[in-house]
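Following: one structure in structure tokens, then a few remarks.
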Amino acid sequence: MNLHPSLDAVACQPRILIMASRVAPARELMAFARGVVRDGRAWPIVVFSSTAVAAATLREPAEGMDIIQPNSEAPGGTHGTSGRGEGTIRAMLRQFARLALPRELLAYIDTLQQLDRGSVMVSRLIAAYRPVAVVVADDRALGTDVGAVHAARRAGIPSLAVPFAVSESNADAAYRGTKPWFDAKSWRNRVLWQRLLKRHPEQVGEFNGRQLIFLTPGQILALSRRGISFSAPWSYGGGPTDRICVFNKADVARFRAAGVPEDKMIVSGQASLDTLHARRQDHRQTADGLRQRYVLGDESIVIIALPQHAEHGLMERGHHETETRQLLSDLRTTGAAVLVSLHPRAHHGDYRKIIEACGAHLLDEPLLDVIAAADLFVATHSSTLRWAILCRIPTVVLDDMALAAHAFGSGSGLVLLQARSEVREAAAALLEDSALRAETIVLLDRMAKDIDPFDGRNCARIVDAILTQSTSGKSRAA
């Protein structure tokens, strides 16, 4: 594996700089990078923000592309302290300083540091490798992503966002609703930051009768200090990238209603769906591989994308673990083999004993690589539902926050439940009632036609957009 680009190898191809800053987006961006390799018209350079993100993402050889990690010798590589003791002391001093600072001052300083770190790193990479575009996963992520877009704009290079999941303002609001500093009506925001929020009304959104802010005042001030603004912060695409790729025409309408200019959007489909398209073609082989690896018999296969309410701050950890045990136990009573996929944010060590005690199996493979083998899929509202629909897999959705009902409607082919206690009965019916399964698959087939392009060419469409943008004009800010 190359640790940094070999300029001779890519001299005749346009280079695309791909910023992988977090685990979940990094996996999607690696799927896109592999799609670029298959397409053959450009050379991908994937830049990881940390060794942890790289380790969680690079589970197979990255052929035909270049990888830049922290501590590599590439111009964008970062270097740690000279000794372990020195790093520990500095970390302790920083922690003491953080405890002594007011919250919004700390947010201001942290945001500036993150923006500058990403901007400096990407400026060096742009100078060294002269890419035709910079690609990020979310144009509102305050770390490396927004800093990278800022560097691209200053260099006159187009920037583009490639989505890694379904973007829902209601989900953003559900998280922010649990944190008092996002409450627009809190005394601090009403008294101390009233003028700032009046200057940035786009930051305020109303959800279920509550007014919430997308970014805190300290974060807003840091962006303003660097001349960066979010035109529609509550929507993917509302940040500073020149263009964004979207999953489908419905997303175009939804993001346009949220304030994203229509000419900024490109309907490409999700990059990783090219992999799913290939997996669906040989789903029987995938199922046979799972049966062999996890020592399964001929029972049905249930795959569950385990709810992550504790990781998302929506449920206390002990309560979440109790709910998880009961959910897995209920699914096992159907007689099916239960394979558990964890969100990239979750740690396997936190769940392995719980899963094994329930007689289930913890998947080592990424969900995208195995979901096509499932006879039944169980999940909460997430982009994984689209994968199941496209593969025509009967699906039970534990929709305790009614997000899936909002996105898909009650007449869809998904079984939407708001109580965990209903999951066992619904799962058993979909596994055992052949007429119900057939009816559900017909509904899923109708839904699939309205979701994403699913023809194995999504990555090629994104490359088309990048090459068109790079030849027709520079960054909008140039």
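A short reminder: the numbers here are calculations on the coordinates, not readings from a lab. Just so it is clear, the model here is predicted, and its values are computed rather than measured. Don't worry about glycine lacking a Cβ; one is built from the backbone with ideal geometry, like all the others, and counts go over all protein chains shown.
Comparing Cα centroids, segment 120-148 and segment 315-360 end up 38 angstrom apart.
Arg199 to Ala253: extension gain in nm, 0.36 nm per residue of separation minus the Cα-Cα distance? Mind showing how you got there, number by number?
Working: separation 54, 0.36 × 54 = 19.44 nm, distance 2.70 nm.
That pair, Arg199 and Ala253, stretches by 16.7 nm at full extension.
Over the residues of the chain, the helix contribution to mean residue ellipticity at 222 nm works out to -14000 deg cm²/dmol, using -39500 (n - 2.57) for each DSSP H run of at least 4. Site pair Gln113 and Asp450 shows an inter-label distance of 4.8 nm when each label is modelled 7 Å from Cα along Cα→Cβ.
Using R₀ = 22 Å, calculate the FRET efficiency as 1/(1 + (r/R₀)^6) where r is the Cβ-Cβ separation of Asp433 and Thr333; round to 0.05. That gives a FRET efficiency of 0.85. Dividing the mean sequence gap of close Cα pairs (under 8 Å, 6+ apart) by how many residues the chain holds gives a relative contact order of 15 percent. Pairs of Cα atoms in the chain fall into 10 Å distance bins, from 0 up to the last occupied one, in shares of 4, 18, 28, 27, 17, 5, 0 percent. With a Förster radius of 41 Å applied to the C-beta separation of Tyr175 and Asp298, the computed FRET efficiency comes to 0.45. Between Ala127 and Ala55, the C-beta separation translates, for a Förster distance of 41 Å, into a calculated FRET efficiency of about 0.90. Here the gap between His283 and Lys185, fully extended at 0.36 nm per residue and compared with their Cα-Cα distance, gives a gain of 30.1 nm.
Please label the shape of segment 120-203 as rounded, prolate or oblate, based on the square roots a ≥ b ≥ c of the eigenvalues of the alpha-carbon gyration tensor (a/c under 1.5 means rounded; beyond that, a/b larger than b/c means prolate, else oblate). Since a/c reaches 1.5 and a/b is larger than b/c, the shape of segment 120-203 is classed as prolate.
How would you rank Thr440, Thr241, going from fewest to most other Cβ atoms within 10 Å of each one's own Cβ?
Thr440, Thr241
Taking a span of 20 Å or more along the helix axis (Cα atoms) and a mean Kyte-Doolittle hydropathy of at least 0.0 as the rule, the DSSP H helices of the chain that qualify are 23-39, 103-129, 434-448, 458-472.
Contact order, relative form, for segment 282-448: 23 percent (alpha carbon pairs under 8 Å, 6 or more residues apart, mean separation divided by residue count). Taking a point 7 Å out from the Cα of Ser229 in the direction of its Cβ, the residues of segment 196-217 whose backbone N falls within less than 20 Å of it are 196-205, 213-217. Restricting to Cα pairs below 8 Å that are 6+ residues apart, what does the relative contact order work out to for segment 209-284? Please round to a whole percent. Relative contact order for segment 209-284 comes out at 23 percent. Amide H contacts of Ala141 (H built 1.01 Å from N, in plane; Pro and chain starts excluded): Val146 sit under 5 Å, all sequence-distant by 5 or more or on other chains.
In this label model, His347 and Thr468 are separated by 4.6 nm, measuring between points 7 Å along each Cα→Cβ vector.
By DSSP, the beta bridges lying fully in the chain are antiparallel in about 10 percent of cases.
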